[in-house]
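A.B. asks: Right, I'll just put the structure down here and ask away after.
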Amino acid sequence: MSLVIISPWKNVTQYRKLILDRMPDLDVRVSPDVGPADKVEFALVWNQPPGSLKRFPRLKFICSMGAGVDHMLKDPELPEGVPMVRLVDRLLASQMVEYVMLAVLRYHRQYHEYREQQRRGVWKVLPPPNTEATRVGVMGVGNLGGLACRRLSALGFDVAGWSRRPKTIEGIKSYYGDAGLRVFLERTQILSCLLPLTPRTAGIINKGTLSSLPKGAYVINSARGGHVIEEDLLAALDSGHIAAATLDVFQAEPLPAEHPFWSHPKVVLTPHASSITIPDSVVPQIVENIERARAGRPLLNLVDPVEGY
Ligand code: NDP
C-alpha cells in the first residue's frame, strides 16, 4: 500500500525521507510517479491539480501539507466521503504568532514614525504607548488565533477574539458569529486576521468591515489573500481611515509587479512567509494518522468539509 505526495509547489523530498525513516514498509511516491492507483491509501497534498485525487479508489485520508485546507477543498472533483485532515503544529503556530506580534509591536511602538524621523534627522519623542489601553482584535481563535490572543494578552494588550462559536480564554474578550462582528470591529485598534478561507470568510475585510474599525486602525492579514478586498483596503489606506497594513498574503501570488501594495508607503508586505511548515515537526502527526487509519482509530485534526476548515 502506498502514500502519494501531490504538491506542484512544495519541495517534498524531505517529507518523503522523514516518512520513510519512520515507516520503511510504506511505499511513498511523489506525483506524477504514483504507481498503481488502487494501491494508494493516503494522499499528502498541497494545491493538488483538480481531479488528481479521484483516480485513487482506496483512499483512507487526504492530508493537507499545511494548516489551511482551502487549496485542497477548491478541487471540484475531490473524492466524496474520504476523510480530510490538516496539520496542527506548535512550531507553525508560534511562527505565525511571532509575525503577528512583530507587526502589533511595530505599530504600537511607533516604529515606522521613528524610522521616518530618523530618515529626516529628527530627534523628537512621541507620546508614550499605553499597552493596557491598546485594543487588539484577532479574527479566528483557533490553533493560530488562540495562541496569538494568549501571547498578546501576556504582553499586556487588551485583546478580543472573534470566532464562529463563543470562546472562554482567560483575559480574552470573546465575540462570535455575524452578530458579534460589528461590536468586535468597533473596539479593535489593531486587527489581525487568522481565519481560514471559506465561503463565509472570503472578502471579509472589505469596505463595510474596514469602516467599522475606528479611524487610525491597523490591519494585519497573514491568513489568506482571499480575505481582503484589496481595492477596499487601498481606498481605506488612502483616505487615512486605516493607518497602515501588514500583509503576508494576496489575492494573486506572487504579488504582480505592478500591484500598488509594493510601493505603498503605508504597507509592509512579505511573500507568504509568515509561517512555513517545518517537515521535522509535522511528519510525526502524519505518521500517527497513518497508524490510526490502519488500526481503524479516529484520525487527528479532521477537517469539516461543510464548514470548510
Ligand atoms: P483553525 O481551524 O484552528 O481556527 C479557525 C478559527 O476561525 C476558529 O476559531 C473558527 O471559529 C474561526 N472561524 C472559521 N469560520 C468562521 C466564521 N465564518 N466566522 C467567524 N469565525 C470563523 O485554523 P488555524 O488557526 O490552524 O489556521 C487559520 C488559517 O491560517 C488557516 O486556515 C490558513 O489559511 C492560515 N495560515 C496561513 C499561513 C501563512 O503562511 N500565511 C500559515 C498557516 C496558516 P470556531 O473556533 O468557532 O470554530
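A.B. asks: Residues of the range 153-172 being farther than 26 Å from Asn130 by Cβ and open to solvent by 40 Å² or more (accessible area, probe 1.4 Å), which ones?
C.D. replies: Arg164, Arg165, Pro166, Thr168
A.B. asks: Now a separate question. Hey, among Val122, Val138, which residue is within 16 Å of the ligand (Cβ to nearest atom), outside any helix (DSSP H, G or I) and at pLDDT 95 or above?
C.D. replies: Step by step, each of Val122, Val138 is checked, and only Val138 is within 16 Å of the ligand (Cβ to nearest atom), outside any helix (DSSP H, G or I) and at pLDDT 95 or above.
A.B. asks: If only one of Arg297, Arg224, Arg200 is open to solvent by 10 Å² or more (accessible area, probe 1.4 Å), more than 13 Å from the ligand (Cβ to nearest atom) and among the basic types (Lys, Arg), which one is it?
C.D. replies: It is Arg297.
A.B. asks: Checking the conditions here, which among Ala236, Ala244 is within 19 Å of Gly137 (Cα to Cα), away from the ligand (no atom under 16 Å from the Cβ) and outside any helix (DSSP H, G or I)?
C.D. replies: Ala244
A.B. asks: So which residues in the range 43-67 are within 16 Å of the ligand (Cβ to nearest atom), open to solvent by 20 Å² or more (accessible area, probe 1.4 Å) and at negative phi?
C.D. replies: Hits for the range 43-67 are Trp46, Ala67.
A.B. asks: Within the group Gly296, Gly308, Gly240, which residue is over 20 Å from Leu102 (Cα atoms) and touching a helix residue (DSSP H, G or I) at 6+ places or on another chain (Cβ under 7 Å)?
C.D. replies: The unique qualifying residue is Gly308.
A.B. asks: In the range 104-140, which residues are charged (D, E, K, R) and either farther than 21 Å from Lys173 by Cα or surrounded by fewer than 10 Cβ atoms within 10 Å (Cβ to Cβ) (or both)?
C.D. replies: Arg106, Arg109, Glu113, Arg115, Glu116, Arg119, Arg120, Lys124, Glu132 - these are the residues of the range 104-140 that are charged (D, E, K, R) and either farther than 21 Å from Lys173 by Cα or surrounded by fewer than 10 Cβ atoms within 10 Å (Cβ to Cβ) (or both).
A.B. asks: Same structure, new question: Looking at (1) out of contact with any Pro (no Cβ under 8 Å at 6 or more places or on another chain); (2) within 20 Å of Pro8 (Cβ to Cβ); (3) buried (at least 16 other Cβ atoms within 10 Å of the Cβ), which one does Met101 not meet, given that it meets all the others?
C.D. replies: Tallying (1) out of contact with any Pro (no Cβ under 8 Å at 6 or more places or on another chain); (2) within 20 Å of Pro8 (Cβ to Cβ); (3) buried (at least 16 other Cβ atoms within 10 Å of the Cβ), Met101 fails exactly one: (2).
A.B. asks: Also, I was wondering about something else. Which of the residues spanning the range 173-193 are of a type in the set (A, V, I, L, M, F, W, C) and open to solvent by 20 Å² or more (accessible area, probe 1.4 Å)?
C.D. replies: Ala179, Leu181, Val183
The values are calculated or read from the model by the stated rules, or taken from the named source; none is laboratory data. Owing to the predicted nature of the structure, the values given are computational and were not obtained by experimental measurement. Ideal geometry is used to build each Cβ from the backbone, glycine not excepted, and the neighbour counts take in all protein chains shown. Side chains included, ligands, DNA and RNA excluded: accessible areas come from the protein's heavy atoms. Shrake-Rupley method; radii C 1.70, N 1.55, O 1.52, S 1.80 Å.
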